[in-house]
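Undergrad: The structure's right below; bear with me while I get my questions together.
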Amino acid sequence: MIIIGIETSCDDTSIAIIKNGKVLANVTSSSTKVHEQYGGIVPELAARKHCTNIDKVFQHAIKIAKIKPNDIDYVAYTSEPGLIGSLHVGKVFAKQLAALLGVKIIQVNHLLAHIFSYFLDHDIKDLKFPFLSVVVSGGHTFIAINYSVNKYRILNSSIDDACGETLDKIGRLLKLPYPGGISIDKIYNSKKVFDLIKHSIADKEFSFSGLKTAVSNLINNLRQKKKKIDTVGIASSSLKWIIDDLEIKIKYYLNKYPKTKMILFGGGVSANSLLRKTFTKWRNTKFLFPTIQYTNDNAAMVALWAFLLLKYRGKEC
């Protein structure tokens with residue numbers, strides 16, 4: 001079974017080809033350079049770059065996978081969530097390709113795809129339901145319990161800025177290189193951490209806007225008083241606060257659902273060094289992280305989710 005995955009939910013154009021769950025090709029064209037001058041994603045520019053890049057990426061993926069278009073059995077594409085213009089480019093390309101090849105098309109929620117991205121280079125036989133999942137990205141932060149490939153329940157989600165978005169905004173406030181989350185990860189220093197604000201109650205929704213406001217006020221006060229801004233200290237304290245908040249809530253849901261002995265992480269922030277270091281220290285629970293190349297939005301996870309849907313359809317715990 002050969003599945004082609006198409007991912008255009010945000011700024012990166014990605015196309016992958018998998019065969020029986022194994023990645024043959026995963027090609028991504030990044031437009032980070034286009035957006036970094038604005039300090040964030042510009043939706044119209046992102047959509048235009050997808051239009052320019054998508055056929056080139058497709059041709060490159062086909063070449064790397066060493067297959068012919070007619071070998072493709074299914075076309076899977078990200079249908080939600082994401083930037084409307086970017087999603088539309090992927091949708092049109094996917095539907096045209098499926099029509100030309102005469103194959104079925106599968107719509108994929110790329111947040112669900114993030115959850116299963118660990119299995120892109122790990123044995124699918126290790127997939128056991130139910131399990132807890134944690135998606136931490138630029139646009140979303142949530143904890144869910146998964147009963148099957150496409151049956152899940154959100155237990156906790158962010159009611160304002162996502163954790164990745166918050167780190168990027170704090171990075172911008174500190175005038176760090178874009179994207180801010182990656183820059184903060186690079187300069188993190190545990191010895192420079194100090195208290196910022198209190199954490200919310202464990203079973204309350206994720207909320208990171210208070211942290212962003214606290215950092216903004218701190219920086220503005222220091223500038224008004226013409227005092228030195230401790231960039232490393234503020235960045236490190238912000239990151240530590242976010243990881244601690246995740247830890248508090250994950251502990252709560254592990255205790256509430258003791259039969260779930262496995263937690264799958266996904267999303268761009270799952271590449272964060274402190275996040276991985278924090279949870280690898282835990283015992284009696286498997287914390288599974290995708291390899292770094294599959295933490296950001298990518299088409300391989302889209303194709304894999306479609307494969308898992310076909311393989312496990314109707315199978316629930």
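Undergrad: Consider VAL27 carefully, then state whether it is in contact with a Cys (Cβ under 6 Å, 6 or more places away or on another chain) and either crowded, with 17+ Cβ neighbours inside 10 Å or of a type outside the set (Ser, Thr, Tyr) (or both).
TA: No: the conditions fail for VAL27.
Undergrad: Next question, about the same structure. What single numbered condition from (1) at pLDDT 95 or above; (2) buried (at least 19 other Cβ atoms within 10 Å of the Cβ) fails to hold for THR260?
TA: (1)
Undergrad: Here's something else I'd like to know. For the range 121-141: of the residues being within 25 Å of GLY82 (Cα to Cα) and not in a strand (DSSP E or B), which is nearest to the chain's Cα centre (by Cα)?
TA: Only one residue fits best here, namely SER137.
Undergrad: Report, ordered by the first and then the second residue, all pairs with beta carbons closer than 6 Å, sequence separation of six or more or different chains, a first member in the range 26-38 that is in a loop (DSSP other than H, G, I, E, B), and a second member that is surrounded by 12 or more Cβ atoms within 10 Å (Cβ to Cβ).
TA: So the pair list comes out as SER30/ASP12; SER31/ASP11; SER31/LYS49.
Undergrad: Check VAL57, VAL92 and return the single one that is without any contact (Cβ under 8 Å) to a residue 40 or more places away in the chain, among the aliphatic types (A, V, I, L, M) and in a helix (DSSP H, G or I).
TA: Answer to the check: VAL92.
Undergrad: Would you confirm whether or not the range 79-90 contains a residue that is of a type in the set (D, E, K, R) and over 18 Å from ILE2 (Cα atoms)?
TA: yes
Undergrad: All but one of (1) buried (at least 24 other Cβ atoms within 10 Å of the Cβ); (2) closer than 23 Å to ASP168 by Cα; (3) not aromatic (Phe, Trp, Tyr) hold for VAL108; which doesn't?
TA: Failing condition for VAL108: (2).
Undergrad: I've got another one for you. Look at ALA16 and say whether it is of a type outside the set (Asp, Glu) and free of Cβ contacts under 8 Å to residues at least 60 places away in the same chain.
TA: Taking the combined requirement at face value, the residue does not satisfy it.
Undergrad: Ok, one more. Which numbered condition in (1) farther than 27 Å from GLU165 by Cα; (2) surrounded by 15 or more Cβ atoms within 10 Å (Cβ to Cβ) is the only one that LYS63 fails?
TA: Tallying (1) farther than 27 Å from GLU165 by Cα; (2) surrounded by 15 or more Cβ atoms within 10 Å (Cβ to Cβ), LYS63 fails exactly one: (2).
The values are calculated or read from the model by the stated rules, or taken from the named source; none is laboratory data. Model, not experiment: these values are computed from the prediction. Note that each Cβ is placed from the backbone with ideal geometry, even for glycine, and that neighbours are counted across all protein chains shown.
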